[in-house]
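S.K.: First the structure, which I've put down as C-alpha cells, then a few questions once you've had a look.
The values are calculated or read from the model by the stated rules, or taken from the named source; none is laboratory data. Please read these numbers as outputs of a predicted model, since none were measured by experiment. For neighbour counting, all protein chains shown are included, and Cβ atoms are generated from backbone atoms with ideal geometry for every residue, glycine included. Protein only, heavy atoms only, side chains kept; ligands, DNA and RNA dropped before computing areas. Shrake-Rupley method; radii C 1.70, N 1.55, O 1.52, S 1.80 Å.
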Amino acid sequence: MTDGDGIRVDGQEVRLVGLDAPEWDQRARHRDGYWFNHGRRVKSALIREIGGKRVRVLVEDTDDFGRLLGTVTCKGRDVGEWLVREGHAIAAYSDRYKRVEREAREAKRGMWAHAHNFDPRAHRYRKPGKV
C-alpha cells in the first residue's frame with residue numbers, strides 16, 4: 001500500500017480511480033473529541049482488507065505523475081467501492097461511487113461518523129499549521 005487510495009502491484013503504483021482518500025498526514029477529530037491521524041487509519045484498513053492478497057487491476061488511464069489509474073478488485077469485489085462504502089474515501093473525479101458515498105454518509109460510517117474531517121482534496125491545499 002502506498003496510502004489510502006494507492007497500492008503497488010508488481011512494482012507499479014496504482015491509484016484507485018473514482019475516489020480520494022485522506023492524505024497520510026491528514027487528521028480528523030473523533031466524535032469523542034480526540035484528534036487522530038485519519039490517513040494512517042485508512043491505509044491500515046486497506047492493508048487489513050487486501051494486504052498480501054491477489055488483486056486484479058483494470059487499468060483505465062495514467063495520471064499526471066505517470067501512475068496507473070484503475071479499478072482494483074480482490075476476490076471479485078471492487079476495492080474502491082468498499083473504501084467509499086466503509087467511509088474511508090470519498091467519491092471523486094467521477095460519479096462512479098456517488099450513490100455508495102451517500103449511503104456511507106447516511107449510515108455515518110468511517111469519516112462520516114467523525115466530529116470533524118476534511119475533504120482530502122481540500123486538505124492538500126490548506127495552509128500549513130491549520131487543523
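S.K.: Those residues that are within 15 Å of W112 (Cβ to Cβ), part of a loop (DSSP other than H, G, I, E, B) and among the hydrophobic types (A, V, I, L, M, F, W, C), I need them from the range 5-31; list them, please.
M.R.: Answer for the range 5-31, where residues must be within 15 Å of W112 (Cβ to Cβ), part of a loop (DSSP other than H, G, I, E, B) and among the hydrophobic types (A, V, I, L, M, F, W, C): just A21.
S.K.: Report whether or not L69 is part of a strand (DSSP E or B) and either without any contact (Cβ under 8 Å) to a residue 24 or more places away in the chain or surrounded by 14 or more Cβ atoms within 10 Å (Cβ to Cβ) (or both).
M.R.: Yes: the conditions hold for L69.
S.K.: Now for a different question. Here is a check on your reading of the model: is D64 crowded, with 18+ Cβ neighbours inside 10 Å, charged (D, E, K, R) and at pLDDT 85 or above?
M.R.: Judged against the criteria, D64 is not a match.
S.K.: OK, next. Looking only at the range 36-51, decide whether some residue is in a loop (DSSP other than H, G, I, E, B) and not acidic (D, E).
M.R.: Yes, that holds for at least one residue.
S.K.: Now a separate question. I'd like the residue in the range 32-48 that is more than 18 Å from W112 (Cβ to Cβ) and of a type in the set (D, E, K, R) and, out of all such residues, is least open to solvent (accessible area, probe 1.4 Å).
M.R.: K43
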